[in-house]
Amino acid sequence: MNRTAEITRNTNETQIRVAINLDGTGQQKLNTGVPFLDHMLDQIARHGLIDLDIEASGDTHIDNHHTVEDVGITLGMAVAQAIGDKKGIRRYGHAYVPLDEALSRVVIDFSGRPGIEYHIPFTRAMIGGFDVDLTLEFFRGFVNHALVSLHIDNLRGTNAHHQCETVFKAFGRALRMASERDERAAGTIPSTKGSL
């Protein structure tokens, strides 16, 4: 049975709908109103083999902050719902991804506890019209609502677009690994506590 979820989150600042299939093929339909964010979400879908359908409307006339953060929040909520009771999942996932001169590592743990270590020394403040500070806001929103531990490290890079893209690609691959079913652990919770 596919692990799917659909979450709608409406505030005075944003209206967001996220539909996800963790057992998908990387299909995506993305319209957040923030083109660079759509490009990064596409990386998650394609490299994570996760089907994503995300529609967002926000107060981008002010700036992109609320939309980017709230998409991260809503995606985190959807992943938490789709992953279910976590029985039989691998729990941990990691990936190193290069793009030309850039190299990033992402490690994720479906621990049930939100935590983020984030180290991206961006070489410039803007990627086109996208403020690189919003990358942290996206992942912090995701972590707090997916209840995962997430370590993000850009190990090298001089092109800010490449730095960011390697992070999102590695995140997609790490998420895919951690959420995969482990046949040897079928029906068990991957924790000595017996719960996550």
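Checked against the criteria, Gly194 does not count as on the phi > 0 side of the Ramachandran plot and buried (at least 16 other Cβ atoms within 10 Å of the Cβ).
Tell me the residue from Thr74, Thr60 that is of a type in the set (Val, Ile, Thr) and either in a helix (DSSP H, G or I) or under 15 Å from the mean Cα position of the chain (by Cα) (or both), please. Steps first, please.
On the way: Thr60 fails: either in a helix (DSSP H, G or I) or under 15 Å from the mean Cα position of the chain (by Cα) (or both).
Criteria check complete, one pass: Thr74.
Of all residues in the range 1-33, exactly one satisfies the criterion of being free of Cβ contacts under 8 Å to residues at least 40 places away in the same chain, in contact with a strand residue (DSSP E or B) (Cβ under 6 Å, 6 or more places away or on another chain) and among the aliphatic types (A, V, I, L, M), namely Leu30.
Using the structure shown, decide if Arg105 is surrounded by fewer than 21 Cβ atoms within 10 Å (Cβ to Cβ), modelled with pLDDT of 95 or more and charged (D, E, K, R).
On the way: surrounded by fewer than 21 Cβ atoms within 10 Å (Cβ to Cβ): yes; modelled with pLDDT of 95 or more: yes; charged (D, E, K, R): yes.
Yes, satisfied.
State yes or no: is Ile120 in contact (Cβ under 8 Å) with a residue 60 or more places away in the chain, within 18 Å of Leu41 (Cβ to Cβ) and either in contact with a Phe, Trp or Tyr (Cβ under 6 Å, 6 or more places away or on another chain) or among the aliphatic types (A, V, I, L, M) (or both)? Give the derivation first.
Values: in contact (Cβ under 8 Å) with a residue 60 or more places away in the chain: no; within 18 Å of Leu41 (Cβ to Cβ): yes; either in contact with a Phe, Trp or Tyr (Cβ under 6 Å, 6 or more places away or on another chain) or among the aliphatic types (A, V, I, L, M) (or both): yes.
Spelling it out, it is not the case that Ile120 is in contact (Cβ under 8 Å) with a residue 60 or more places away in the chain, within 18 Å of Leu41 (Cβ to Cβ) and either in contact with a Phe, Trp or Tyr (Cβ under 6 Å, 6 or more places away or on another chain) or among the aliphatic types (A, V, I, L, M) (or both).
Per the conditions (1) within 21 Å of Asp85 (Cα to Cα); (2) of a type outside the set (Ser, Thr, Tyr); (3) touching a residue at least 40 places away in the same chain (Cβ under 8 Å), the sole criterion not satisfied by Gln43 is (1). When Val18, Val79 are checked against the criterion of being under 13 Å from the mean Cα position of the chain (by Cα), not charged (D, E, K, R) and not in a strand (DSSP E or B), Val79 stands alone in meeting it.
Scanning the range 142-160 for residues that are farther than 16 Å from Gly172 by Cα and not in a loop (DSSP other than H, G, I, E, B), we see that the one that is farthest from the chain's Cα centre (by Cα) is Arg156.
Scanning the range 71-93 for residues that are in contact with a helix residue (DSSP H, G or I) (Cβ under 7 Å, 6 or more places away or on another chain) and either under 24 Å from Phe36 (Cα atoms) or among the β-branched types (Val, Ile, Thr) (or both) yields Val71, Gly72, Ile73, Leu75, Gly76, Met77, Val79, Ile83, Ile89.
For the range 88-139, residues that are part of a strand (DSSP E or B) and polar (S, T, N, Q) total 1. Give the residue, chosen from Asp153, Asp133, Asp100, that is touching a strand residue (DSSP E or B) at 6+ places or on another chain (Cβ under 9 Å), at pLDDT 95 or above and surrounded by fewer than 21 Cβ atoms within 10 Å (Cβ to Cβ). From the options Asp153, Asp133, Asp100, the qualifying one is Asp153.
When the range 65-90 is limited to residues that are surrounded by fewer than 23 Cβ atoms within 10 Å (Cβ to Cβ) and touching an Asp or Glu at 6+ places or on another chain (Cβ under 7 Å), the one that is nearest to Thr123 (Cα to Cα) turns out to be His65.
The values are calculated or read from the model by the stated rules, or taken from the named source; none is laboratory data. If you're wondering where the values come from, they're calculated on a predicted model, not measured in any experiment. Don't worry about glycine lacking a Cβ; one is built from the backbone with ideal geometry, like all the others, and counts go over all protein chains shown.
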